[in-house]
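Comments concern the structure below.
The values are calculated or read from the model by the stated rules, or taken from the named source; none is laboratory data. Being a predicted model, the structure only gives us computed values, none of them experimental. FYI the Cβ positions are ideal-geometry reconstructions off the backbone, even for glycines, and counts take in every protein chain you see. Quick note on the areas: whole protein, heavy atoms, side chains included, nothing else; ligands and nucleic acids left out. Shrake-Rupley method; radii C 1.70, N 1.55, O 1.52, S 1.80 Å.
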Amino acid sequence: MVVLSMAADFFSRFWHQLAVILLSCVPVIESRYAIILCAPVFKEIGTTELIILTQIGSCLTALILLLLLKPVMKWMKSTKLFKSLIEKIEHHGNNKGKKLQGKIDSSTTKAAKIWLSVIGVFVFVAVPLPGTGVWTGCLVATLLDIRFRYAFPAVVAGSICATMIMVLFSEIFFKGIIL
């Protein structure tokens, strides 16, 4: 009986939970702003669950982008229709990662280059400002040619950090919308 009650509760809130996950996948909004937008709307979802749901959306976004961005960009660059768009995206991503690339290139060992790139992507994603989220972090990681096994944890950890900063920000400035 308890299991049925838990299942009924879960499915009654399923569409709200799905909306939170999907909203946290949207570029610019991502998990950092989805949590602030969803907290007052979906009051039945607790803070911890809201954080977990937004991170599920961020993890899915990072997973898909890091696995597909490079092959899709390569294919799009080979077409006449999308070539200029991809060149603009690469230019934008290269500008975002230029400082990081300079520090990486000045490193002497391969391990130092890997750690600097991972820490750089983490910090880039962790700063909760527009244009520094999971989407752009995955683009920078792809353009810097960081391997998936290093880029994915850096992007996810940065997303978690940015989300927690936004939770604290909302608690301080919006007087408890989330907590």
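Quick one: if the Förster radius is 30 Å, what FRET efficiency do Lys80 and Asp145 give, using the C-beta to C-beta distance and rounding to 0.05? Mind dumping the intermediate values first?
Numbers: r = 25 Å, r/R0 = 0.85.
The computed FRET efficiency comes out at 0.75.
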Practice task
Could you pull the accessible area for Glu171 with a 1.4 Å probe, rounded to 10 Å²?
Solution key: 70
Handout entry: Accessible-area composition of the chain, carbon plus sulfur, in percent [1.4 Å probe]
Key = 74
Fill in the blank from the handout: Here the FRET efficiency for Met6 versus Val41, based on Cβ atoms and R0 = 30 Å and rounded to 0.05, is 0.80
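Looking at the P(r) of the chain, how many percent of alpha-carbon pairs lie beyond 23 Å? Intermediate results must be reported in sequence, preceding the final value.
Working: 7553 of 15931 pairs.
Of all Cα-Cα pairs in the chain, 47 percent lie more than 23 Å apart.
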Handout entry: Stretch gain in nm, segment Phe14-Val123, where the contour uses 0.36 nm per residue and the Cα spacing is subtracted
Key = 36.0 nm
Completion exercise
Over the chain, with neighbouring protein chains present, the accessible area per residue in Å² at probe 1.4 Å is 59
Exercise for the section: Per DSSP H run of at least 4 residues, take -39500 (n - 2.57); add these up for the chain, divide by its residues and hand me the 222 nm value, nearest 500 deg cm²/dmol. Expected result: -26500 deg cm²/dmol
